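Engineer: Below is one structure. I have some questions about it.
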Amino acid sequence: MIRNPRRRNEPLDHAELARLLPAPADPRLAADRRRLLEEHLMNEIHRSDPTPTPASAPARRPLRRAALIAAPVAAAAALAVVVSLGASPDTATVAAPRPVKAPVVQIEEGSAVKVTSTVRELAAAATANTAPRPGPGQYIYIKSRVSFMASSFNGDTGESATWVQPLHDREVWKSPDGTKGWLDEPGYQAKGGIALGSGDPLKQLTYTWLAAQPADPDALLKFAYSTAGGTRDRDQQAFNEIGSIIREQLVPSGLAGALYEAAGKIPGVVVVEHAQDASDRDGIALARLDPQTGERSEWIFDRESHQYLGSRGVQIREVNGVKPGTVVERTAIVTRAVVDANKQHPGADRAKA
């Protein structure tokens, strides 16, 4: 709607404006990204240096997408309120590192031809692998390298830029039932880390729930689809749900194989022959393009052992100013282990303070 600049006092035609504006986005977030967004918002609300550089970039978003996060403003604001209410007023924080320009890679076309054989190899390797089992009082420990997107838009010039967090370490401790834990992510959380867990954790993100599930790909796929809702692509939501389970959890061996088989049944899943995780390890990936965001989510596996290495998000087509080939997310698993106490590192004799 173009208004005559000489008629500055004319009333705003809200009905006309509503017709011209695009429909509001679906505020639902994938489970893994919602949880990560909550954790990062803790730091965003309380950190001492809220202004990133270069100077042209406005305050950064902690995560993209989800998908890690093209999150609607209303959803992000609601999460911010929840997180701020749970924060301790005297928590020591540090300034978050300044974002850097997002890397850009050459887009490799995915292929559906090798999905069946690749999934079969991944499932066989996962089933043959003996994963440790946490006992009473023990914790699951996962260390990873991560980087998520923080895009910017200049309302005056109409120019956009895509920034990402510098690659950094992230350490998580989780009790099997998900009610207790700890997160240490220097620069993005309170100094020393923050407590995790709640009385009602997302059941599919806990080891206890996973260990009780049958290794049945069809049943797991049905569950993944049951979590879908809103107007977002249901197939993508199911793919993201399985990804949220394997990303930062210790999955029982037989169940991991069944999850991969379930993912292989989702329409649109392809194999990308070469994908690099956050540690620059080149592997083969199961991937799917989100038709709404234009981002391809990739789960990366070692080419020889077929073990899960990490994930990557690559923009395939331009959406909201994010150029094709832009890497909007990178993760890499460094260590998965079972430890005897919260905040204890593998091999340590006693827990941290």
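Engineer: If we keep just the residues of segment 272-286 that are within 10 Å of Arg303 (Cβ to Cβ) and outside any loop (DSSP other than H, G, I, E, B), which is most open to solvent (accessible area, probe 1.4 Å)?
Structural biologist: His274
Engineer: Wholly within segment 87-199, which strands (runs of 3 or more DSSP E) include no fewer than the required count, namely at least 3 residues that are open to solvent by less than 40 Å² (accessible area, probe 1.4 Å) and at pLDDT 90 or above?
Structural biologist: Ranges flagged: 139-153, 168-174, 181-184.
Engineer: Mind checking which pairs have a first residue in segment 310-321 that is open to solvent by 40 Å² or more (accessible area, probe 1.4 Å) and a second that is modelled with pLDDT under 95, Cβ under 7 Å, 6 or more apart or different chains?
Structural biologist: Asn320/Ala70
Engineer: Something else: Can you tell me which of (1) of a type outside the set (S, T, N, Q); (2) in contact with a helix residue (DSSP H, G or I) (Cβ under 6 Å, 6 or more places away or on another chain); (3) closer than 20 Å to Pro346 by Cβ; (4) at pLDDT 95 or above is the one Leu220 doesn't meet?
Structural biologist: (3)
Engineer: Follow-up question, since we're still on this one. Would you check if Gln292 is closer than 25 Å to Ala102 by Cα and open to solvent by 10 Å² or more (accessible area, probe 1.4 Å)?
Structural biologist: Criteria met by Gln292.
Engineer: Considering segment 299-314 alone, what residues qualify as being part of a strand (DSSP E or B) and of a type in the set (Lys, Arg)?
Structural biologist: Within segment 299-314, just Arg312 meets the criteria.
The values are calculated or read from the model by the stated rules, or taken from the named source; none is laboratory data. Bear in mind that the values here come from a model prediction, so they are computed numbers and not experimental data. Positions of Cβ are generated from backbone atoms using ideal geometry, with glycine treated the same way; all protein chains shown enter the neighbour counts. Ligands, DNA and RNA are stripped out before the accessible areas are found, and what is left, the full protein with its side chains, is counted by its heavy atoms. Shrake-Rupley method; radii C 1.70, N 1.55, O 1.52, S 1.80 Å.
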